[in-house]
Structures are given as C-alpha cells and as structure tokens.
Amino acid sequence: MSLIAIRKRSLTVETVFHEGGPPPAVPLKLAAACAVIRNPYAGRYEPDLLPFMAALRSLGTLLAQELVDTLGREQVEVYSKAAIVGVNGEMEHGAVWHEAGGWAMRAVLGEPKAIVPAAKAVAATGYRLMVPLHHIHACYVRSHYNSMEIGIQDAPRPDEILFALVMGTGGRVHARLGGLAKDQVAVHDGQR
C-alpha cells in the first residue's frame, strides 16, 4: 500500500493590489498549494519515518510545480512550507515535510540559496496556520518577511496530515523599513 493517499488538494491565490497606500506597478501574488493525505502512522509510534519522508518528495514536486505554473518560475521571490497534523498523529509526522517539501521547491525553482522557512502544528480539523515567508536567495532581505495563512475547513481529520507549500512574487507591497535589499544579496546574507 502506498504511503501517500491524497483525499483532497487546494490551491489558494491571494492578490494584493495595495495596502492603503499607492498601488504597486505589479500586484503581489501569494499562493499556497495544499494536499490532505491519510497519515499512515496515525495512532501508533513508528520508529523509522525515512521511507515516508522519501515518498513525500513526489507530493512536494506536485505542489511546487503547481505553484510555479500558477505564478511563473521567474516571478517567485519568496517561499515557505507547512504541515498540520491531525490529532491522532505527532509533530514528527509533520516534520518529514522539512526535507521533502524543501527539496521539491529547490528542485523546481532551480536551487535557490536561502533556507526554506516552515511552520507545523498538531491540531484539530479546520485549524489555520500562519506560514512565514522570506526571500528565496537570502533570508535577511527584510522587505520580503511576510506570512500567509493556510488551512482547509474540513482538514486535517484526526488520521490525516495537511501538507502545504507557499510561494509569492515579491515582498510586502509597501515595505519601507530598510535593511538588505534584494538586489544587494551576496554570499553569507542568509544563504545555505
């Protein structure tokens, strides 16, 4: 039996035209691709989660490619990943997404340099999670610190996990707090 059994998927695109000030030349787009799967280890302790982590790479690739197809690969400037584990699971069941989801985004985006931020929780059905975002090549680009809410009304059920990837086309619309600018990124500015 496959470790990955998808019950449903969602794609959410948020377009920001302004934040009360002048509209940007190009609106900011943030997108979240989610998949709700059966948790193969719900209700029991599994000492070896590495096969699950490896199997999730294909799901990560599916979600990452959907985001790139939606936003345009060359437009993506921020990213993140998240997991919400149903209450019959454990935090480690969501932590498998760090490698699987992060690897998939790096592969699809052409090996960006910054660590992929993340959020995870064990929670009840309908839980919403704020996911941190930052620049794909340098995590110290202050204008690109942002967040996006993810969640699905009927997920995850107790024996499920919701996995999400998030990408966006830029920083905050009216960022004006200084710091490292995206065109000044160099080695050691929050790169791997």
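Residue-by-condition table, conditions (1) closer than 30 Å to Ala42 by Cβ; (2) of a type in the set (Ser, Thr, Tyr); (3) at pLDDT below 95:
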{"residue": "Ala82", "(1), (2), (3)": "yes, no, no"}
{"residue": "Val122", "(1), (2), (3)": "yes, no, no"}
{"residue": "Thr125", "(1), (2), (3)": "yes, yes, no"}
{"residue": "Val131", "(1), (2), (3)": "yes, no, no"}
{"residue": "Ile136", "(1), (2), (3)": "no, no, no"}
{"residue": "Gln153", "(1), (2), (3)": "yes, no, no"}
{"residue": "Ala164", "(1), (2), (3)": "yes, no, no"}
{"residue": "Met167", "(1), (2), (3)": "yes, no, no"}
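Here Pro51 clears all of (1) outside any loop (DSSP other than H, G, I, E, B); (2) free of Cβ contacts under 8 Å to residues at least 60 places away in the same chain; (3) within 30 Å of Gln191 (Cβ to Cβ) except the condition numbered (3). Here Leu11 meets the list (1) under 15 Å from the mean Cα position of the chain (by Cα); (2) surrounded by 17 or more Cβ atoms within 10 Å (Cβ to Cβ); (3) not acidic (Asp, Glu) almost entirely, failing just condition (2). Of the residues making up the stretch 82-103, none is in contact with a helix residue (DSSP H, G or I) (Cβ under 9 Å, 6 or more places away or on another chain), open to solvent by 40 Å² or more (accessible area, probe 1.4 Å) and β-branched (Val, Ile, Thr). In the stretch 168-187, the residues that are more than 23 Å from Pro23 (Cβ to Cβ) form Cβ pairs under 7 Å with partners that are open to solvent by 40 Å² or more (accessible area, probe 1.4 Å) and assigned to a loop (DSSP other than H, G, I, E, B), at six or more places apart or across chains, as follows: Leu180/Tyr140; Val185/His137. Of the strands (runs of 3 or more DSSP E) that lie entirely inside the stretch 97-153, those containing 1 or more residues that are over 30 Å from Val87 (Cα atoms) span 129-135.
The set of residues in the stretch 160-173 that are assigned to a loop (DSSP other than H, G, I, E, B) and either more than 14 Å from the chain's Cα centre (by Cα) or under 21 Å from Ala95 (Cβ atoms) (or both) comprises Gly170, Gly171, Arg172, Val173. Give the stretch 130-146 a look and list any residue that's of a type outside the set (Val, Ile, Thr), farther than 21 Å from Glu92 by Cα and either surrounded by 24 or more Cβ atoms within 10 Å (Cβ to Cβ) or without any contact (Cβ under 8 Å) to a residue 60 or more places away in the chain (or both), or say none. Result: His134, His135, His137, Ala138, Cys139, Tyr140, Arg142, Ser143, His144, Tyr145. Being loosely packed, with under 15 Cβ neighbours inside 10 Å and touching a Phe, Trp or Tyr at 6+ places or on another chain (Cβ under 8 Å) holds for only one residue in Pro23, Pro51, Pro40, and it is Pro23. When we screen Arg157, Arg176 for residues that are basic (Lys, Arg), in a loop (DSSP other than H, G, I, E, B) and at pLDDT 95 or above, the only hit is Arg157.
Within the group Leu71, Leu63, which residue is open to solvent by 10 Å² or more (accessible area, probe 1.4 Å), at pLDDT 95 or above, in contact with a strand residue (DSSP E or B) (Cβ under 6 Å, 6 or more places away or on another chain) and under 12 Å from Ala31 (Cβ atoms)? Steps first, please.
Values: Leu63 fails: open to solvent by 10 Å² or more (accessible area, probe 1.4 Å).
Checking each option against the conditions leaves just Leu71.
Determine if the stretch 157-164 includes at least one residue that is out of contact with any strand residue (DSSP E or B) (no Cβ under 7 Å at 6 or more places or on another chain), surrounded by fewer than 22 Cβ atoms within 10 Å (Cβ to Cβ) and of a type in the set (D, E, K, R). Within the stretch 157-164, one or more residues are out of contact with any strand residue (DSSP E or B) (no Cβ under 7 Å at 6 or more places or on another chain), surrounded by fewer than 22 Cβ atoms within 10 Å (Cβ to Cβ) and of a type in the set (D, E, K, R).
The values are calculated or read from the model by the stated rules, or taken from the named source; none is laboratory data. Bear in mind that the values here come from a model prediction, so they are computed numbers and not experimental data. FYI the Cβ positions are ideal-geometry reconstructions off the backbone, even for glycines, and counts take in every protein chain you see. These accessible areas exclude ligands, DNA and RNA; they are computed on the full protein's heavy atoms, side chains included. Shrake-Rupley method; radii C 1.70, N 1.55, O 1.52, S 1.80 Å.
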